[in-house]
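I have placed the structure first, in the form of structure tokens, so that the comments after it can refer back to it.
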Amino acid sequence: MGLSDLRIALFSGNYNYTRDGANQALNRLAEYLLRQGAQLRVYSPKVKNPDFPATGDLVNVPNVRMPVKGRGEYRLPLGLNAKARDDLEAFKPNVVHLSSPDPTGHAALKWAMARDIPVLASVHTRFETYPQYYGLGFMEGPLISILRRFYKRCDALVAPSPSMIEELGEQGMGDDIGLWTRGVDRDIFDPGRRDMEWRRSLGLKDDDIAIAFLGRLVMEKGLDVFADAVIELRKRQAPHKVLVIGDGPAREWFEKALPGGIFAGFQTGRDLGRALASADVFLNPSITETFGNVTLEAMASGLPVVAARATGSASLVEDGVSGHLVKPGDTAGFADALAPYCTNDALRRAHGAAGELRSRDYSWDAINSVVAETYLRLVEDRRS
């Protein structure tokens, strides 16, 4: 059996309507699979004006606007209606890929199990960490139980970092957990994208040290910790500026928390590569990512990275070599790690160069072939 024999039904809660790291990885996987001759059908909420075109055939599933304050741009999949089920039956997949444990993912899992079709689940987000950012910390335990029931019914899991695989194992989410890491587009993210004229247009002087934030401006990205760390850095009078790349519902809060910060807004493609390479240090305090695409992109752009010692970044950043890893939420610790980069040019350049070298290990085709090989293994195991 080869890749051209695969018929993959891929389920996503957000395949292309709002751009994020997870759906960028899924679309790259889809492109790779189609290029190898596999058949692919994607089931996900559709909207009138998505952020980018979908890779592959996209089938709409029932959905409503996410009923959570500050997350209105996302859709909640509600299951499988008759039209989606009929489409699935006609497509006749021999493997099902679930990328989100939402109601549609649960319905698809039940559908596949009833037909003895193997199921692979990919883990993209630390969903169990979200409740604490919305005043619902008491929900973390029950949510972990729900996730465990979902993932243990799948035939195998793939996760994007060794640290996330370890976390899933400790939580009892499954026994067959493989590594599906992430790649970086070197045509976009490269130190050569640095643009001094663009920096000057934002009010940055040539000798200013710009500490960058990159990502969607939502509280679960650690905006409060980022702001507190910067405030602590200002108290220490370490010379720096703040460059925020991205947009989102918490932008107004972030602007008030970071007076004097430079907000470059949403960037994509080569503009994003230019913006990131034009910074000097990258700070990522988030603990919700399973991999940390933005961390890898910053490394590829030649920036030293200060990040929370959490799943994802902990597998990318070599502490004291390409940046520093800090205990999650440790404001003083983040400031301690950032301060030397504000005054020591040689250290900043050395750690940035080390991270850029490490980022070269991440080739998209080699990475996506691991998922394809997992599909083949599951299908062949089921046949035998």
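The values are calculated or read from the model by the stated rules, or taken from the named source; none is laboratory data. Predicted model only: the values in this text are computed from it and were never measured. Cβ placement follows ideal geometry from the backbone for every residue including glycine, while neighbour counts extend to all protein chains displayed. These area figures cover heavy atoms from the full protein model, side chains too; ligands, DNA and RNA do not enter into them. Shrake-Rupley method; radii C 1.70, N 1.55, O 1.52, S 1.80 Å.
Tabulated values for the structure
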{"quantity": "Residue tally, condition in a loop (DSSP other than H, G, I, E, B) and touching a residue at least 40 places away in the same chain (Cβ under 8 Å), over segment 192-207", "calculated": "5"}
{"quantity": "Residue in segment 293-312 that is nearest to Pro162 (Cα to Cα), counting only those that are open to solvent by less than 10 Å² (accessible area, probe 1.4 Å) and polar (S, T, N, Q)", "calculated": "Thr295"}
{"quantity": "Pairs with Cβ under 9 Å, 6+ apart, first in segment 152-172 and farther than 17 Å from Thr125 by Cβ and in contact (Cβ under 8 Å) with a residue 40 or more places away in the chain, second open to solvent by 40 Å² or more (accessible area, probe 1.4 Å) and part of a strand (DSSP E or B)", "calculated": "Pro162/Leu179"}
{"quantity": "Filtered residues of segment 291-310 (kept if in contact (Cβ under 8 Å) with a residue 60 or more places away in the chain, under 20 Å from Arg360 (Cα atoms) and assigned to a loop (DSSP other than H, G, I, E, B))", "calculated": "Phe291, Gly292, Ser301, Gly302, Leu303"}
{"quantity": "Cross-chain or 6+ apart pairs with Cβ under 7 Å, segment 79-107 first and β-branched (Val, Ile, Thr), then part of a helix (DSSP H, G or I) and surrounded by 16 or more Cβ atoms within 10 Å (Cβ to Cβ)", "calculated": "Val95/Tyr375; Val95/Leu378; Val95/Val379; Val96/Ala108; Val96/Ala112"}
{"quantity": "Given (1) open to solvent by less than 30 Å² (accessible area, probe 1.4 Å); (2) touching a Gly at 6+ places or on another chain (Cβ under 9 Å), index of the condition Ala257 fails", "calculated": "(2)"}
{"quantity": "Residues satisfying the stated conditions in segment 20-57, i.e. of a type outside the set (Val, Ile, Thr), open to solvent by 10 Å² or more (accessible area, probe 1.4 Å), part of a loop (DSSP other than H, G, I, E, B) and under 22 Å from Thr125 (Cβ atoms)", "calculated": "Asp20, Lys46, Pro50, Asp51, Phe52, Ala54, Gly56"}
